[in-house]
Every structure is written in structure tokens, then in C-alpha cells.
1. If Asp178 satisfies all but one of (1) over 23 Å from Glu137 (Cα atoms); (2) touching a residue at least 24 places away in the same chain (Cβ under 8 Å); (3) open to solvent by 20 Å² or more (accessible area, probe 1.4 Å), what's the number of the condition it fails?
2. Could you tell me whether Val54 is within 16 Å of the ligand (Cβ to nearest atom), of a type in the set (A, V, I, L, M) and crowded, with 16+ Cβ neighbours inside 10 Å?
3. Might you check whether a residue that is open to solvent by less than 30 Å² (accessible area, probe 1.4 Å), within 23 Å of Leu207 (Cβ to Cβ) and more than 16 Å from the ligand (Cβ to nearest atom) occurs anywhere in region 88-101?
4. Show me the helices (runs of 4 or more DSSP H) found entirely inside region 162-241 where at least 1 residues are of a type outside the set (Phe, Trp, Tyr) and over 18 Å from the mean Cα position of the chain (by Cα).
5. Every residue in region 198-213 that is open to solvent by 20 Å² or more (accessible area, probe 1.4 Å) and among the β-branched types (Val, Ile, Thr), please.
6. Which of the residues belonging to region 204-238 are modelled with pLDDT under 95 and away from the ligand (no atom under 14 Å from the Cβ)?
7. Out of region 143-161, which residues are out of contact with any His (no Cβ under 8 Å at 6 or more places or on another chain) and assigned to a loop (DSSP other than H, G, I, E, B)?
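The values are calculated or read from the model by the stated rules, or taken from the named source; none is laboratory data. Just so we're clear, the structure is a prediction, and the values are computed from it rather than from any experiment. Positions of Cβ are generated from backbone atoms using ideal geometry, with glycine treated the same way; all protein chains shown enter the neighbour counts. Only protein heavy atoms, including side chains, enter the accessible area calculation; ligands, DNA and RNA are left aside. Shrake-Rupley method; radii C 1.70, N 1.55, O 1.52, S 1.80 Å.
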Amino acid sequence: MSSTTLYGGASGRRVTVRDLAAAKQRGERWPMVTAYDAMTARVFDAAGIPVLLVGDSAAMVVYGYDSTLPVTVDDLLPLTAAVVRGSSRALVVADLPFGSYQTSPGQALESAARFMKEAGAHAVKLEGGRRIAPQVEALVSAGVPVMAHLGLTPQSVNVFGGYRVQGRGAAGDELMADAKDLQRAGAFSVVLECVPADLAERVTASLDIPTVGIGAGPATDAQVLVWQDMVGLTPRPARFVKRYADLGADLDRAARAFAADVVSGSFPGPEHAYT
Ligand code: KIV
């Protein structure tokens with residue numbers, strides 16, 4: 001399938017959560033990538049990526065922290081607004097950062113409302129199992145589409161003791177029960193991060209809503225990657241990352257060539273100057 005199938009035909013409208021539900025019914029897989037600024041959002045949107053995630057991974061790839069924990073709603077709001085402005089067809093999902101939804105359903109709604117009102121997000125994502133089902137219910141009944149996130153949920157890295165595969169053995173049954181509870185609470189999809197491929201396959205077969213895999217094998221309904229990982233900007237990407245470009249090396253070459261031209265005086269040339 002071409003991902004443009006999800007692009008609402010000739011109407012030019014944005015992808016909706018109903019389109020994603022229909023794709024699951026048709027057995028169509030779709031891609032999702034992260035985006036944090038208007039220019040890359042425009043490129044991914046034009047390439048036919050139907051869902052853009054303004055991930056709290058921005059903490060690491062935009063803000064330079066070593067985990068997702070420090071980033072705040074105020075940090076992510078302008079990035080989300082830029083991605084919405086840079087795209088015209090994709091559904092834009094905003095990640096609720098650590099500490100912005102765990103306290104109560106009311107806190108989750110306040111945070112989500114800011115992303116929808118101030119940045120124009122079309123949906124939010126939050127991490128956790130049945131513990132946050134009340135938050136999911138409150139958001140959905142207030143009109144906020146929710147993407148859930150199970151498995152290696154990076155906001156809980158300190159509980160996991162590192163970035164490790166989750167859901168092996170009996171923990172797989174727990175994850176399955178969480179996924180069903182989140183679907184019951186009204187989530188429109190669920191990210192499965194770093195879980196065994198056979199567990200992801202069973203969860204995908206058991207749910208009516210689409211699963212989005214990252215390090216979860218080939219059977220999920222969708223796949224997501226952090227864009228900097230996908231194009232070779234991340235120095236040590238995880239095993240589950242496939243590199244589709246080597247922009248790190250290209251940027252390095254460009255920066256060195258520019259520096260050499262400036263030092264030698266060969267840039268700017270006459271064609272770059274005004275008379
Ligand atoms: O923050 C993020 O980028 C994510 C994806 C990796 C799923 O949550």
C-alpha cells in the first residue's frame with residue numbers, strides 16, 4: 001500500500017483517527033515518524049507520512065538531555081505548533097511529557113487542552129498501562145483522541161533500570177491486559193516499544209485499534225522511528241533502527257567544505273554578491 005491511501009483522497013483534508021481505524025480493518029500498514037519543526041514536517045507530510053509525532057524524544061534530539069524526563073509542556077508546545085504549521089495532511093500527535101498527566105485525569109485534560117488549543121495538535125500520546133486508563137477515559141470523553149504507549153516507556157527508565165526489552169515471559173500477559181484496558185478506555189491506537197515480536201503480533205491480533213511498533217517486530221499495524229535515527233544523525237542508534245540516509249556524514253562534509261571555503265576566501269564568489 002502507498003501511505004497516500006490514508007490521505008483522504010482528493011479532498012486534501014488531514015488524516016483522522018477514523019482513517020487509521022479503517023486502515024486496520026483493511027489490513028493496511030502505515031508509517032509514523034517524529035517531527036519537531038516546520039521544515040521537516042513539510043518534507044514528511046509531502047512524502048505521504050500520515051501521522052507525525054512530536055515526541056518527548058525532543059528532550060534528547062532537540063534539547064540535548066540524556067533522557068526524556070526533563071522536557072516540559074512549555075518546551076514541547078512551540079515544537080508542536082511548528083509541526084502543525086509545516087504540515088497540511090498528516091495527523092499531528094503531541095506527546096504529553098513526564099509529570100503532565102500522571103497526577104489525575106484533570107491534570108491530563110489540562111495538559112492535553114494546551115496542546116490542542118495553543119499548538120493545534122490533533123491527538124495526544126501518553127505512556128503507561130491500566131494505571132492511566134482513567135486519564136484516557138477523561139481525555140476521550142472530553143474530545144481528545146489518545147494514542148497509548150506500552151512496553152519500554154522511556155519516562156519510566158528509572159524503574160526499568162535502563163532501556164531494556166519489556167514484556168518477556170509473564171510480563172507479556174500483563175502487557176496484553178494493559179493493551180485491552182487502554183482500548184476499552186477509548187485509546188485510538190497503542191505504541192508498542194521494545195517488546196518481543198511474537199508478543200506484538202499477539203497484541204496486534206487481539207486489538208481492534210492499530211498498534212504502532214518501534215522495536216516490536218514486523219507484525220504491528222504501523223511502524224514509527226525517530227527521524228534523526230532513521231537518517232543517520234544519531235551516533236549509536238538502537239538495534240531496531242534502520243538507516244535510510246547518512247545525513248550525519250553529509251552535514252559533516254558540508255560544514256567542513258563551508259569552513260574551508262571561508263578560510264581560503266573562495267566563498268562567497270561573485271555569483272553570491274550583490275552589485
Ligand atoms: O518520544 C518519542 O519519540 C516516542 C516514539 C519513539 C514512539 O515516544
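1. Among (1) over 23 Å from Glu137 (Cα atoms); (2) touching a residue at least 24 places away in the same chain (Cβ under 8 Å); (3) open to solvent by 20 Å² or more (accessible area, probe 1.4 Å), Asp178 violates only (1).
2. Yes: the conditions hold for Val54.
3. no
4. Result: 171-185, 197-206.
5. Ile209
6. Within region 204-238, Pro235, Arg236 meet the criteria.
7. Gly143, Val144, Leu152, Thr153, Gly161 - these are the residues of region 143-161 that are out of contact with any His (no Cβ under 8 Å at 6 or more places or on another chain) and assigned to a loop (DSSP other than H, G, I, E, B).
Per-residue answers, yes or no, for (1) in contact with a Lys or Arg (Cβ under 8 Å, 6 or more places away or on another chain); (2) within 14 Å of the ligand (Cβ to nearest atom); (3) within 24 Å of Val92 (Cα to Cα); (4) modelled with pLDDT under 95:
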{"residue": "Val136", "(1), (2), (3), (4)": "no, no, yes, no"}
{"residue": "Pro145", "(1), (2), (3), (4)": "no, no, yes, no"}
{"residue": "Gly151", "(1), (2), (3), (4)": "no, yes, yes, no"}
{"residue": "Pro154", "(1), (2), (3), (4)": "no, yes, yes, no"}
{"residue": "Ala171", "(1), (2), (3), (4)": "no, no, no, no"}
{"residue": "Glu174", "(1), (2), (3), (4)": "no, no, no, no"}
{"residue": "Ala177", "(1), (2), (3), (4)": "yes, no, no, no"}
{"residue": "Leu182", "(1), (2), (3), (4)": "yes, no, yes, no"}
{"residue": "Glu193", "(1), (2), (3), (4)": "no, yes, yes, no"}
